[in-house]
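Student: Take a look at this one; I'll ask things after.
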Amino acid sequence: MKKRSTGFLSEEKISHDSEIFDYIKELHSYLWQFVRIAFPGVRGKLDIYVDHAVKELKRRKRNERT
């Protein structure tokens, strides 16, 4: 994942009561679901796991083909 600056989604930059922020939260939730398919039970910062989850699931897919 692209590195983001601290506070890039702060209330000063985007209203947390907006439909756009609700959409971001929804996508965030979906990303956690995706990551937990690859690594059940993980917690912490999402950006640590997304790239690893993509690699892990691609590896699993390759192994299914063989």
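Student: Find the residue count for the stretch 8-19, including only residues that are within 22 Å of residue 51 (Cβ to Cβ) and either at pLDDT 95 or above or surrounded by fewer than 10 Cβ atoms within 10 Å (Cβ to Cβ) (or both).
Tutor: Of the residues in that region, 1 qualify.
Student: Then there's this: Of a type outside the set (A, V, I, L, M, F, W, C), open to solvent by 50 Å² or more (accessible area, probe 1.4 Å), out of contact with any Ser or Thr (no Cβ under 8 Å at 6 or more places or on another chain) and at pLDDT 95 or above, is that true of residue 22?
Tutor: For residue 22, the condition - of a type outside the set (A, V, I, L, M, F, W, C), open to solvent by 50 Å² or more (accessible area, probe 1.4 Å), out of contact with any Ser or Thr (no Cβ under 8 Å at 6 or more places or on another chain) and at pLDDT 95 or above - is met.
Student: Could you list, in sequence order, all residues of the stretch 15-54 that are over 13 Å from the mean Cα position of the chain (by Cα) and charged (D, E, K, R)?
Tutor: 17, 19, 22
Student: Looking at the stretch 38-50, which of its residues are over 23 Å from residue 5 (Cβ atoms) and in contact with a helix residue (DSSP H, G or I) (Cβ under 7 Å, 6 or more places away or on another chain)?
Tutor: Within the stretch 38-50, 38, 39, 42 meet the criteria.
Student: OK, next. If the Cβ limit is 9 Å and pairs must be 6+ apart or interchain, which residue in the stretch 41-61 that is closer than 14 Å to residue 28 by Cβ pairs with which residue that is exposed (fewer than 14 other Cβ atoms within 10 Å of the Cβ) and of a type in the set (Lys, Arg)?
Tutor: Qualifying pairs under 9 Å: 47/2; 47/3; 47/4.
Student: Then there's this: If a residue must be in a helix (DSSP H, G or I) and open to solvent by less than 90 Å² (accessible area, probe 1.4 Å), how many such residues does the stretch 36-47 contain?
Tutor: Count: 3.
Student: Inspect the stretch 25-35 for any residue being free of Cβ contacts under 8 Å to residues at least 60 places away in the same chain, surrounded by 11 or more Cβ atoms within 10 Å (Cβ to Cβ) and β-branched (Val, Ile, Thr) and give the result as yes or no.
Tutor: Within the stretch 25-35, one or more residues are free of Cβ contacts under 8 Å to residues at least 60 places away in the same chain, surrounded by 11 or more Cβ atoms within 10 Å (Cβ to Cβ) and β-branched (Val, Ile, Thr).
Student: Moving on to the next point. Taking residue 57 as the residue in question, decide whether it is outside any loop (DSSP other than H, G, I, E, B) and under 13 Å from the mean Cα position of the chain (by Cα).
Tutor: So residue 57 does not fit the description; no.
The values are calculated or read from the model by the stated rules, or taken from the named source; none is laboratory data. Since the model is a prediction, treat every value here as computed from it, not as a measurement. Cβ: placed from backbone, ideal geometry, glycine included. Neighbour counts: every protein chain shown. Accessible surface areas use protein heavy atoms only, side chains included; no ligands, DNA or RNA. Shrake-Rupley method; radii C 1.70, N 1.55, O 1.52, S 1.80 Å.
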